[in-house]
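One structure below.
A short reminder: the numbers here are calculations on the coordinates, not readings from a lab. These figures come from a predicted structure and were not determined experimentally. With ideal geometry, Cβ positions are generated from the backbone for all residues, glycine too; neighbour counts draw on all protein chains shown.
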Amino acid sequence: MTSVLILNGPNLNLLGTRQPDVYGATTMSDIEQMCIDAGERLDLSVTCHQSNHEGVMIDHIHAAKGVHDGIVLNAGAYTHTSVALMDAIASVELPVVEVHLSNIHAREAFRQHSYIAPVAVGQICGFGAQGYIMALDALAQRLAAK
């Protein structure tokens with residue numbers, strides 16, 4: 001079975017209570033269950049992790065090589081700051097879909113730049129929790145075409 005890692009970054013553990021006007025009322029647990037359910041429909045094995053620590057996220061990306069076929073990544077604020085995450089993604093040579101709950105291109109200027117985008121196969125932003133399902137669908141199609 002095709003395996004996908006869902007990896008979430010800093011502060012996403014606070015979803016549902018953190019700035020609901022920006023990020024919505026859906027919790028990380030809700031999103032993880034949505035992804036697992038969508039994975040079943042798409043014949044994907046889905047594994048979910050969240051970390052507030054950049055190094056732990058890098059470790060998850062490295063560990064994905066040879067275990068998972070692709071990654072859905074919401075790197076949170078690290079999207080806009082982490083060359084290290086960008087390098088980790090490039091090093092494992094797995095397709096990565098970048099996801100953001102909010103539309104990062106309609107927010108503050110510093111949020112409009114992504115270090116992840118140049119090494120991702122695509123970016124989905126602004127659709128709330130549904131963006132994860134869109135990312136899984138896109139990744140499933142890409143992996144099936146290989």
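Per DSSP helix of 4 or more residues, -39500 (n - 2.57); summed, then divided by the residues of the chain. What does that give at 222 nm, rounded to the nearest 500?
It lands at -11500 deg cm²/dmol.
From the list (i) 9.2; (ii) 7.6; (iii) 21.6, can you say which value of mean projected area of the Cα convex hull in nm² was derived from the structure given?
Working out mean projected area of the Cα convex hull in nm² from the coordinates points to (ii).
Let me know the charge dipole size of the chain about its Cα centre in debye, to the nearest 20, where only the beta-carbon of Lys, Arg (+1) and Asp, Glu (-1) is charged. Walk me through the intermediate numbers first.
Numbers: 7 positive and 14 negative charges, 44 e Å.
Charge dipole, the chain, about its Cα centre: 220 debye, nearest 20.
Given segment 2-145, what percent of its DSSP beta bridges are antiparallel, to the nearest 5?
Numbers: 0 of 19 bridges.
Looking only at bridges with both residues in segment 2-145, the antiparallel portion is about 0 percent.
With a 10 Å radius around each residue's Cβ, average the other Cβ atoms per peptide and rank 83-91, 105-113, 4-12, highest first.
Output ranking for 83-91, 105-113, 4-12: 4-12, 83-91, 105-113.
Quick one: compute the contact order of segment 22-102, relative version, from alpha carbon pairs under 8 angstrom and 6+ residues apart, as a percent.
Values: 54 pairs, mean separation 25.6, N = 81.
That works out to 32 percent.
At 7 Å along the Cα-to-beta-carbon direction for both residue 90 and residue 30, put a label point, then send me their distance in nm to one decimal.
Calculated label separation equals 3.7 nm.
Where does the charge balance sit around residue 129 when Lys and Arg score +1, Asp and Glu -1, over other residues with C-beta under 13 Å from its C-beta? List each step's numbers first, then the result.
Working: positive: none; negative: 30, 32, 37.
Taking every Cβ under 13 Å from that of residue 129, the sum is -3.
Arranged by the count of other C-beta atoms within 10 angstrom, fewest first, what order do 137, 37 take? Working shown, then result.
Numbers: 137 16, 37 12.
Lowest count first: 37, 137.
Compute the signed sum of charges (Lys and Arg +1, Asp and Glu -1) over the other residues within less than 12 Å, Cβ to Cβ, of residue 92. Before the final figure, lay out each step's value.
Values: positive: 65; negative: 59, 69, 87, 93.
Local net charge: -3.
Got the relative contact order for the chain handy, in percent, Cα pairs under 8 Å and 6 or more residues apart?
It comes to 27 percent, rounded to a whole number.
What's the ranking of 13-21, 28-36 by average number of surrounding C-beta atoms within 10 Å, highest first?
On the way: 13-21: 13.0, 28-36: 17.6.
Top of the packing list down: 28-36, 13-21.
Take the alpha carbon atoms of segment 1-20, find their center, do the same for segment 88-146, and report the distance between the two centers in whole angstrom.
Segment 1-20 and segment 88-146 have Cα centres separated by 13 Å.
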